[in-house]
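Q: A single structure is presented below for examination.
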Amino acid sequence: MIAAVALALVLSSTALEEARTALDADDWPAALAQAEALTRQSPDDPETRALLGEALLRAGELERAAEVLAPFANPEGAPVRGWVALARLRSAEGRDDLAAELYARALAAAPDDPHVLYWASGSLPTRAEVIAALERFLAVGAAQDPDRLEGARGSIRLYRALGDKPVWVLEERPANGAFKLDRSFRGGDLVNISVPIALGTKRSRFEVLLDTGSPGLFLAHDAARRRGLRELSEEVVFAAGGSGRHTSHRGTLDRLEVGGVRYRDVLVTTSEDAFHPSLRARGVLGLSAFEGYRVTLDLGAGEVTLEQPPAEPEPGGAPYWTVAGQMLVRAGVPSGASGLFLLDTGASRTLLHRGFVERIPGAKVRGDARVQTYGGARDDAIEVGGVVVQFQGAQLGGRALHASDLSMRSRLGGVEVSGFLGLDFLTARTIVIDTRHRRVWLN
């Protein structure tokens, strides 16, 4: 009897290690299947629960991950990777204070674990501490994902160049505001929305795309240089078009003004070739510039309204999560398959992940497609028929959709992304985004 129990424990430990190895190799479907099987055998085992929560997080099942990982908010007896997984989830929910506490526990318990160092580094309070954590990650994590290693090197270069200089310093923030959207149409279809901003040293207004799918400010390098760019460092931007890896530069500009909101010492990413010549706009501005507001994008009327969010969350709507700067919502298809999608006003057309298409009964690949994105055309894009995408009662179907391989974006962000909800899905609608309570309404 004792020997049988010991053998069962050994087999369980081996299976747990195999699942962890699969997850670290980004074979999350295998890891998730193994974690669910182990959980059925040992539902109260903390290591098994931590593995299941982490696998659910990577699979984009954030709601289930929240239930599984909730007990790890208690500091007693939790596995280190359980703390890290819960911290990542809290960060995605916008609860950065709770995330920082969990990361601090994990770092104290495992200061030389490359997994802990990589994920926890961004929560540290000073740039010097971030640099030290990332340098330690590079020293002990030589076998880690090469793209993550390169990303860490780029962050170190940037933070060293910045030193203690503050960026995105808020100088003016009205209680409420409103401004017009410039809309561009092609064949009657809305293909991009843009806003005029004051930027850098020039007094003239400058047109940038308003992109809910991007964080911060991205500019064509020549446009940034003409507005007084102070260059700081070079880095690689991942998960865009073309090869998926693009050399970019980071720097600062004196100011940014939009909708009555004004910043100084704005950190900007620039690129020599990321903006297609057909675009009038020479930059992209994310919604992070309006953090703290209740933002209403009326795409039909071409207006943006900024208001103070209510003290308590309003009923209805849907949650959104922010992962690697991406605003993610849960959308799906009538058959029941669902996933996390970028709510992406920077994309003219809705785009599906090819892995998600494989889960949709009746989906039919019709041939190759040309999809133009930041960084160039996607060379693996296909056209797919027989798919209807739905979110908050809205649907898009009846015509071919595009699909591409989004696995690099998912791998680096650590959460499965099933597609982008583009302007063809959102056109003529009103999008309300409560950035305080992380809720979104599509009317």
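The values are calculated or read from the model by the stated rules, or taken from the named source; none is laboratory data. Note that the structure is a prediction, hence the values are computed from the model and not measured. Please note: Cβ atoms are built from the backbone with ideal geometry, for glycine as well, and neighbour counts cover all protein chains shown.
Q: Quick check on my filter: what residues within the range 313-338 are in contact (Cβ under 8 Å) with a residue 40 or more places away in the chain and assigned to a loop (DSSP other than H, G, I, E, B)?
A: Passing the criteria: P313, E314, G316, G317, Y320, A324, G325, V333, P334.
Residue-by-condition table, conditions (1) crowded, with 18+ Cβ neighbours inside 10 Å; (2) modelled with pLDDT of 95 or more:
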{"position": "A240", "(1), (2)": "yes, no"}
{"position": "G251", "(1), (2)": "yes, yes"}
{"position": "D254", "(1), (2)": "no, yes"}
{"position": "V268", "(1), (2)": "yes, yes"}
{"position": "D273", "(1), (2)": "no, no"}
{"position": "P277", "(1), (2)": "no, no"}
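One line per residue, one yes/no per condition, for (1) touching a helix residue (DSSP H, G or I) at 6+ places or on another chain (Cβ under 9 Å); (2) surrounded by 15 or more Cβ atoms within 10 Å (Cβ to Cβ); (3) modelled with pLDDT under 95:
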{"position": "L138", "(1), (2), (3)": "yes, yes, no"}
{"position": "G141", "(1), (2), (3)": "yes, yes, yes"}
{"position": "Q144", "(1), (2), (3)": "yes, yes, yes"}
{"position": "G154", "(1), (2), (3)": "no, yes, yes"}
{"position": "A161", "(1), (2), (3)": "no, yes, no"}
{"position": "K165", "(1), (2), (3)": "no, no, no"}
{"position": "G187", "(1), (2), (3)": "no, no, yes"}
{"position": "G200", "(1), (2), (3)": "yes, yes, yes"}
{"position": "S204", "(1), (2), (3)": "no, no, yes"}
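Q: Residues that are more than 19 Å from the chain's Cα centre (by Cα) and over 29 Å from G336 (Cβ atoms): find the helices (runs of 4 or more DSSP H) completely inside the range 31-92 holding 3 or more of those.
A: In the range 31-92, 80-92 are the helices (runs of 4 or more DSSP H) which contain 3 or more residues that are more than 19 Å from the chain's Cα centre (by Cα) and over 29 Å from G336 (Cβ atoms).
Q: While we're here: Is it true that A106 is surrounded by 16 or more Cβ atoms within 10 Å (Cβ to Cβ), more than 30 Å from A301 (Cα to Cα) and over 19 Å from the mean Cα position of the chain (by Cα)?
A: Yes; evaluated as a whole, the condition is true for this residue.
Q: Only one residue in A92, A66 is farther than 21 Å from A110 by Cβ, modelled with pLDDT of 95 or more and surrounded by fewer than 20 Cβ atoms within 10 Å (Cβ to Cβ). Which one?
A: A66
Q: For the range 279-301, enumerate the residues that are closer than 17 Å to L209 by Cβ, assigned to a loop (DSSP other than H, G, I, E, B) and either at pLDDT 95 or above or touching a Gly at 6+ places or on another chain (Cβ under 6 Å) (or both).
A: L299
Q: So, one more: In the range 197-212, which residues are acidic (D, E) and not in a strand (DSSP E or B)?
A: Correct list: empty.
Q: If A92 satisfies every condition in (1) in contact (Cβ under 8 Å) with a residue 60 or more places away in the chain; (2) among the hydrophobic types (A, V, I, L, M, F, W, C); (3) over 19 Å from G325 (Cα atoms) but one, which is the exception?
A: (3)
Q: Looking at the range 339-443, what helices (runs of 4 or more DSSP H) fall wholly within it and have at least 2 residues that are charged (D, E, K, R) and either in contact (Cβ under 8 Å) with a residue 12 or more places away in the chain or in the same structural domain as N192 (by TED's automatic domain parsing) (or both)?
A: 407-413
Residues are listed down the side, and each one gets a yes or a no for (1) of a type in the set (D, E, K, R); (2) in contact (Cβ under 8 Å) with a residue 12 or more places away in the chain; (3) assigned to a strand (DSSP E or B):
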position: H115; (1), (2), (3): no, yes, no
position: W119; (1), (2), (3): no, yes, no
position: A139; (1), (2), (3): no, no, no
position: G151; (1), (2), (3): no, yes, no
position: I193; (1), (2), (3): no, yes, yes
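Q: Still on this structure: For the range 396-443, give me each residue that is closer than 30 Å to G53 by Cα and of a type in the set (D, E, K, R).
A: Within the range 396-443, D405, R409, R411, E416, D434, R436, R438, R439 qualify.
Q: Here's another thing I want to ask about it. Can you find a residue in the range 403-417 that is over 20 Å from T322 (Cα atoms), surrounded by fewer than 19 Cβ atoms within 10 Å (Cβ to Cβ) and modelled with pLDDT of 90 or more?
A: Yes, because at least one residue in the range 403-417 is over 20 Å from T322 (Cα atoms), surrounded by fewer than 19 Cβ atoms within 10 Å (Cβ to Cβ) and modelled with pLDDT of 90 or more.
Q: A further question follows. Is there any pair with a first residue in the range 215-234 that is outside the structural domain of E291 (by TED's automatic domain parsing) and a second that is surrounded by fewer than 16 Cβ atoms within 10 Å (Cβ to Cβ) and assigned to a strand (DSSP E or B) whose Cβ atoms are under 9 Å apart and which are 6 or more apart or on different chains, and what are they?
A: none
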